[in-house]
1. Note down the relative contact order for the chain as a percent, whole number, built from C-alpha pairs under 8 angstrom at least six residues apart.
2. With springs connecting C-alpha atoms under 10 Å apart, model the chain as a Gaussian network and identify which of 143, 302, 115 has the largest mean-square fluctuation.
3. Would you please give the residues with an amide H less than 5 Å from that of residue 260, counting only those at least 5 places away or on a separate chain, with H modeled from the backbone geometry?
4. Check residue 268: other-chain or 5+ apart residues with amide H under 5 Å from its amide H, H built from backbone geometry?
5. Using the Kirkwood radius built from alpha carbon pairs, what does the Stokes-Einstein equation give as D for the range 286-328 at 37 °C and 0.692 mPa s, in µm² per second?
6. Check which residues have an amide H placed less than 5 Å from residue 297's amide H, if you skip close sequence neighbours.
7. Where does the chain land at 222 nm, in deg cm²/dmol rounded to the nearest 500, when only DSSP H runs of n ≥ 4 count, each adding -39500 (n - 2.57), divided by all residues?
8. Roughly how many Å is it from the Cα centre of the range 315-371 to that of the range 274-310, as a whole number?
Amino acid sequence: VPKAVVSRTRLDCEVAVVGGGPAGLATARETAAAGLKTVVFERDHAIGEPVRTSGGSFVKPLVALGIPRRCWHEVHRIRVVGPAVQAVKNYRRPFGCVLDIRATYQWLAEQAVDAGAEIRLKSHVGRAIEVGGRPAGVEVRDALLGPLDVRSDVVVDASGHTGFLARAAGMRPANERAAVGLELELHAPRWNQDEAAFWLGDHVAPGGYGWAFPLGGDRLRLGIGLVRPESRAEPRDLLQVLRQLVEREIGAGATTGPIEQHSGLMPVLDPRQVRLTAPGLVVVGDAAGQGSTLLGEGIRYAIAAGRMAGRAIAASRADPRALSSYDDQWRRATQRDLRLAHAVNTRICSFRDEDWDRAIRRLDALTPRQAGAVFATSFSPGWAMGVALSHPGLIRSLARAGVAERRARRQAAMDRSRSNLAT
Ligand SMILES: Cc1cc2nc3c(=O)[nH]c(=O)nc-3n(C[C@H](O)[C@H](O)[C@H](O)COP(=O)(O)OP(=O)(O)OC[C@H]3O[C@@H](n4cnc5c(N)ncnc54)[C@H](O)[C@@H]3O)c2cc1C
């Protein structure tokens, strides 16, 4: 029987954005606002669904990004619970918050479509189309239009943790290390809606941490995040342990549900291992490993990076060299903090209970403001000076994390070159 001939439709645009997460939507808003024909291809049926993230964030940077206040629930208290000790930090003004993911991502989508971008849902991107050795579009399976050959001047890889176009182009390594997370959204009227909490230690999250994030309306997100390959534990088993710990505090049976279940994966990349731009291809968000791996927090970073990328793409129409301004601006704004977060992440993955208790005692000794900078991965020189004066041990241990990470990287490079020589 002869095979049916599937005709492919051609779609031309100036910017093809792969992925309708925060990074892709923020990029699309900027390129569309600059008058570039922009199309976002999202494989799922809706923006912000399914939820694959937890939404923990910080009020100040979200306000600076212009995200509407209705998109988050604020907390005034952050508690870190170790095997034997705990640290509690209270904030007069709301400091941390938990994002309503659908509301936030859909607000970003509204911004993009209002600026003139098109969003195509159930539109799955396959591989890049190359012309003259550089990306010139993508192949797409679109639920409404069928197979598409999309031709574009620039392709934006905003595909999240896979970063599959960037990887194929050799702009980033594979996810040799990644955080896996599983979370239940529960009804928990007795949980203090003003408090977010973290649990650390072998009994609850070996090589990771557990969390309780309130989001208003008596809802509570309980989750476990673990770094692979260091941790081999099963998040679903640990989630039971965490739920018991929470119910020990607020009463047996005081959490009901789940009403939702979320799971996902976040890359743990050293920011220096990733190239953000190449002719015809730009990488943003998790695809470029742009989150903080200290607490596994990437949403606000993805939005900020998307905006920088979108503006640079627009500017590159007049002068192609302007594309690299995205890379420069991003590294200037975040590289120091994200490198340090990566170094600390590498170190704490092997922490045992006594290490956690020591670290939590150190955190407890910090002022709420100093501790807040740690939670928010904001290690300014002013912060380091202040902490160095009052708590030199903490600065020494951060420095040790940096040294250990450099050593591990050198060793990995030597191992790679040895195995290359051997093959
Ligand atoms: C369990 C877990 C908990 C987390 N908790 C937090 C937290 O509390 N706070 C925080 O700030 N960050 C958190 N993060 C990280 C945060 O989710 C990411 O940093 C953020 O989502 C990155 O945004 P992005 O747009 O780069 O990628 P994503 O949000 O992953 O968006 C990528 C989009 O691309 C689409 N896509 C992928 N492949 C294709 C394809 N081939 N064709 C078309 N579309 C495609 C996907 O469907 C998706 O919509 C967490 C991550 C995980 C896994």
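Please treat every number below as a calculation from the coordinates, not as lab data. Owing to the predicted nature of the structure, the values given are computational and were not obtained by experimental measurement. Cβ: placed from backbone, ideal geometry, glycine included. Neighbour counts: every protein chain shown.
1. Relative contact order here is 19 percent.
2. Taking springs between Cα atoms under 10 Å, the residue moving most is 143.
3. Under 5 Å from the amide H of residue 260 lie the amide H atoms of 185, each far enough along the sequence or on another chain.
4. Close amide H contacts, sequence-distant or interchain: 177, 178, 179.
5. 298
6. 292
7. Values: 11 runs with 157 residues, N = 423.
So the helix-based figure for the chain works out to -12000 deg cm²/dmol.
8. Centre-to-centre distance over Cα atoms comes out at 13 Å.
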